[in-house]
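Visitor: Pasting a structure below so you can have a look.
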Amino acid sequence: MKNCIRFGILCLALGLSFNSNAQTKRTKYYEFGGGLGTMNMSNEIANSSNVNAVLAEMAPSISVFAKYHVNDWFGIGFDVNYANLKAADQNHNNFNRGLSVRTSLLNSNAFTEIHFIRFGKYHLEDKWTVFIKGGVGVTGWNPELSFNKLIPEDIDVETNAYSGFSYFYGLGAKYRLAYQSILTFELRFSNSGGDTMDGFLETKEGVISTNDTYWGMLFSYSYAIF
């Protein structure tokens, strides 16, 4: 009797496994695309979020990506992003200090994407979906710090090339333009993994170093291969 029960459980497990694999093979698809967006950074120079500062320092960004969707709900992917960022004291809280920085930024990530509405190969009736995503990767930057006045005594200038292990999280929406054409809008927030995107380190007593961040929005077009 016990052997029959064990055999039945084994058959059930194998059946569920086969059905899951068959479902995955039936609903999986690939997605390749690119996009244009905006990017701003947050650090010891860009230390406020007023609208005028955001608009003055908003930089264009480009992105390319590839995704493998396991099913209608879940996918994994890889992307590469590039932007030339800038920030100036005159736009933020230390407007009398006279520092400004420019840096190019290159970022690559492996990520996951989760849909909240079925979206994929067999759901043409669902023209849109919303999603969340998150990932980890590497970010590189090379700040060029400028001074309108004397160099402040409480900073160490750091104007070399740097990199850090970064992570990001975001959310967005997709709209199906055609059977295989997809338009996507997303907001993304990233931690650079380093504290030198502004081109310096503060040396004042009691100052705690925190990683610089960057954020922005992206409009992209992609083509699905079913």
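The values are calculated or read from the model by the stated rules, or taken from the named source; none is laboratory data. Please read all numbers here as calculations on a predicted model, not as lab measurements. Glycine gets a Cβ as well: all are built from the backbone with ideal geometry, and neighbour counts include every protein chain shown. Areas reflect the complete protein model, heavy atoms only, side chains present, ligands, DNA and RNA absent. Shrake-Rupley method; radii C 1.70, N 1.55, O 1.52, S 1.80 Å.
Visitor: In the stretch 112-141, what residues are open to solvent by less than 60 Å² (accessible area, probe 1.4 Å) and within 20 Å of residue 209 (Cα to Cα)?
Guide: Of everything in the stretch 112-141, those that are open to solvent by less than 60 Å² (accessible area, probe 1.4 Å) and within 20 Å of residue 209 (Cα to Cα) turn out to be 139, 140, 141.
Visitor: Scan the stretch 88-98 and tell me whether some residue there is farther than 16 Å from residue 188 by Cα, assigned to a strand (DSSP E or B), open to solvent by 70 Å² or more (accessible area, probe 1.4 Å) and touching a strand residue (DSSP E or B) at 6+ places or on another chain (Cβ under 7 Å).
Guide: First, pick out the residues of the stretch 88-98 that are farther than 16 Å from residue 188 by Cα: 88-98.
Within this subset, residues satisfying the condition of being assigned to a strand (DSSP E or B) are 88.
From the residues that got through so far, the ones that are open to solvent by 70 Å² or more (accessible area, probe 1.4 Å) too are none.
The answer is no, given that none of the residues of the stretch 88-98 is farther than 16 Å from residue 188 by Cα, assigned to a strand (DSSP E or B), open to solvent by 70 Å² or more (accessible area, probe 1.4 Å) and touching a strand residue (DSSP E or B) at 6+ places or on another chain (Cβ under 7 Å).
Visitor: State whether one or more residues within the stretch 144-164 are open to solvent by 60 Å² or more (accessible area, probe 1.4 Å), under 29 Å from residue 130 (Cβ atoms) and assigned to a strand (DSSP E or B).
Guide: No: zero hits.
Visitor: Looking only at the stretch 192-212, filter to residues that are assigned to a strand (DSSP E or B) and surrounded by fewer than 20 Cβ atoms within 10 Å (Cβ to Cβ); which one of those is modelled with the highest pLDDT?
Guide: If we take residues in the stretch 192-212 being assigned to a strand (DSSP E or B) and surrounded by fewer than 20 Cβ atoms within 10 Å (Cβ to Cβ), then 201 is modelled with the highest pLDDT.
Visitor: Now a separate question. With the structure loaded, tell me whether residue 31 is under 22 Å from residue 196 (Cβ atoms) and not aromatic (Phe, Trp, Tyr) or whether it fails that test.
Guide: On the way: under 22 Å from residue 196 (Cβ atoms): no; not aromatic (Phe, Trp, Tyr): yes.
In short, no.
Visitor: Conditions first: (1) more than 25 Å from residue 106 (Cβ to Cβ); (2) modelled with pLDDT under 95. Residue 156 passes all but one, so which condition is the exception?
Guide: Of the numbered conditions (1) more than 25 Å from residue 106 (Cβ to Cβ); (2) modelled with pLDDT under 95, the odd one out for residue 156 is (1).
Visitor: Between a residue in the stretch 192-212 that is farther than 17 Å from residue 164 by Cβ and any residue that is surrounded by 11 or more Cβ atoms within 10 Å (Cβ to Cβ) and of a type in the set (A, V, I, L, M), which pairs come within a Cβ distance under 9 Å, given they are 6 or more apart or on different chains?
Guide: 202/155; 203/155; 204/155; 207/201
Visitor: Can you tell me how many residues in the stretch 172-183 are under 21 Å from residue 78 (Cβ atoms) and either open to solvent by 90 Å² or more (accessible area, probe 1.4 Å) or not in a strand (DSSP E or B) (or both)?
Guide: Total satisfying the criteria: 1.
Visitor: Tell me which residues, restricted to the stretch 35-62, are closer than 20 Å to residue 139 by Cα, of a type in the set (A, V, I, L, M) and either assigned to a strand (DSSP E or B) or open to solvent by less than 30 Å² (accessible area, probe 1.4 Å) (or both).
Guide: Step one: list which residues in the stretch 35-62 are closer than 20 Å to residue 139 by Cα, which gives 35-46, 57-62.
From what's left, of a type in the set (A, V, I, L, M): 36, 39, 41, 45-46, 58-59, 62.
Answer for the stretch 35-62, where residues must be closer than 20 Å to residue 139 by Cα, of a type in the set (A, V, I, L, M) and either assigned to a strand (DSSP E or B) or open to solvent by less than 30 Å² (accessible area, probe 1.4 Å) (or both): 36, 39, 41, 45, 46, 59, 62.
Visitor: Report whether or not residue 169 is under 24 Å from the mean Cα position of the chain (by Cα) and open to solvent by 40 Å² or more (accessible area, probe 1.4 Å).
Guide: On the way: under 24 Å from the mean Cα position of the chain (by Cα): yes; open to solvent by 40 Å² or more (accessible area, probe 1.4 Å): yes.
So residue 169 fits the description; yes.
Visitor: Does residue 83 qualify as being touching a helix residue (DSSP H, G or I) at 6+ places or on another chain (Cβ under 6 Å), open to solvent by less than 40 Å² (accessible area, probe 1.4 Å) and either on the phi > 0 side of the Ramachandran plot or modelled with pLDDT of 95 or more (or both)?
Guide: No.
Visitor: From 119, 65, 111, 78, which residue is in contact with a strand residue (DSSP E or B) (Cβ under 6 Å, 6 or more places away or on another chain), touching a residue at least 24 places away in the same chain (Cβ under 8 Å), over 30 Å from residue 145 (Cβ atoms) and not in a strand (DSSP E or B)?
Guide: Criteria check complete, one pass: 119.
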